[in-house]
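The values are calculated or read from the model by the stated rules, or taken from the named source; none is laboratory data. The model shown is predicted, which means the values in this text are computed figures rather than measured ones. For neighbour counting, all protein chains shown are included, and Cβ atoms are generated from backbone atoms with ideal geometry for every residue, glycine included.
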Amino acid sequence: MALIKEPKNVDMSTKSTPWTEKELADFRKLMNEIKRKNSKMKERSNLKNSKAIKTAS
């Protein structure tokens, strides 16, 4: 990993505030939806790959 040089007159430091319970719940919900979609896509690709292997044999 390389260091990022700060441009002149720009301060790249950030001060983050803790998430509220509502924001945290929304984030967790979003991440669970993304994980579910990704697992469905993996299942579909595995199914397609297994069909392709069977037809090739």
Subset of region 1-43 (residues that are at pLDDT below 95 and hydroxyl-bearing (Ser, Thr, Tyr))
13, 14, 16, 17, 39
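So which residues in region 1-28 are in a helix (DSSP H, G or I) and exposed (fewer than 10 other Cβ atoms within 10 Å of the Cβ), if there are any at all?
From region 1-28, those in a helix (DSSP H, G or I) are 21-28; that's our starting set.
Within region 1-28, 21, 22 qualify.
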